[in-house]
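The values are calculated or read from the model by the stated rules, or taken from the named source; none is laboratory data. Nothing here was measured: the structure is a model prediction, and the numbers come from that model. Here the Cβ positions follow ideal geometry from the backbone for every residue, glycine too, while neighbour counts run over all protein chains shown. Accessible surface is based on the protein model in full, side chains and every heavy atom, while ligands, DNA and RNA are left aside. Shrake-Rupley method; radii C 1.70, N 1.55, O 1.52, S 1.80 Å.
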Amino acid sequence: MDISKIFDNNKVWISTKLKNDTNYFKNLGKGQQPEILYIGCSDSRVTAEELMGVNPGEVFVHRNIANMVPNIDLNVMSVINYAVTHLKVKHVVICGHYSCGGVKAAMQSSDMGILNPWLRNIRDVYRLHHTELDLIEDESKKYDRLVELNVQEQCVNVLKTAAVQKAMLEKRITVHGWVWDIHTGKLVDLMIDFDKILKDIREIYRLSNN
Ligand code: CO
């Protein structure tokens, strides 16, 4: 791809937006009030806004390899805190996807250098659920299931933060675990009951007295 083409695309995009609304950029410049925080994978095939059919200003987005929420990653922790405490989003979404290269790498035995500590978080998900995963003989089904379990565990990591615990107890936020099926384009809600999970994990991860 010729990188200069990007600037031509940008000019076309500006004129399309202005054709529909002459104040489009003026309004965008006024500020943001997104209702959704989306944490997804950096994979080039998995767009955030496009697959959800939303516009600029509607979703606060964070992407990294395999949509992870490691508790010592200052980047994702800052994004969650800012979105929940300051932007006051109503929904936090963790969106994984089938055929995730990060999850695949974590299923294989190889030294990935600087990526090892990042992938170890996914290997930890495998270890947590190895009884279920080891029963799945079909490798691609096991891979798909690890993608789903990784989404679930990253949602649990979201619930371990003080800002989200507070917002959930005040009933002003909902956490969602989704998987995007790269083979069909379909977004799937894993329908995880996070109120129940929050109750369970607060036995150990309780960060406030209420
Ligand atoms: Co991925």
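Okay, here's what the table says:
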| read-out | value |
| --- | --- |
| Some residue of segment 103-110 being under 30 Å from A162 (Cβ atoms), away from the ligand (no atom under 16 Å from the Cβ) and surrounded by fewer than 18 Cβ atoms within 10 Å (Cβ to Cβ) | no |
| Condition met for Q165 (modelled with pLDDT of 95 or more, under 23 Å from L87 (Cβ atoms) and under 19 Å from the mean Cα position of the chain (by Cα)) | no |
| For L115: the one exception among (1) of a type outside the set (D, E); (2) open to solvent by less than 30 Å² (accessible area, probe 1.4 Å); (3) not in a loop (DSSP other than H, G, I, E, B) | (2) |
| Scan of segment 78-101 for residues that are in a helix (DSSP H, G or I), within 26 Å of T174 (Cβ to Cβ) and open to solvent by 10 Å² or more (accessible area, probe 1.4 Å), ordered by number | S78, V79, N81, Y82, T85, H86 |
| Segment 42-63, residues that are touching a residue at least 40 places away in the same chain (Cβ under 8 Å), open to solvent by 10 Å² or more (accessible area, probe 1.4 Å) and either closer than 20 Å to N157 by Cβ or more than 16 Å from the ligand (Cβ to nearest atom) (or both) | D43, M52 |
| Unmet criterion (only one of (1) within 16 Å of the ligand (Cβ to nearest atom); (2) over 19 Å from V179 (Cα atoms)) for E137 | (1) |
| Filter result for G113 (more than 26 Å from N27 (Cα to Cα) and within 14 Å of the ligand (Cβ to nearest atom)) | no |
| Within segment 109-131, considering residues that are hydroxyl-bearing (S, T, Y) and within 17 Å of N150 (Cα to Cα), the one nearest to the chain's Cα centre (by Cα) | Y126 |
| Extreme residue, nearest to the ligand (Cβ to nearest atom), among residues of segment 64-77 that are in contact (Cβ under 8 Å) with a residue 60 or more places away in the chain and open to solvent by 10 Å² or more (accessible area, probe 1.4 Å) | P70 |
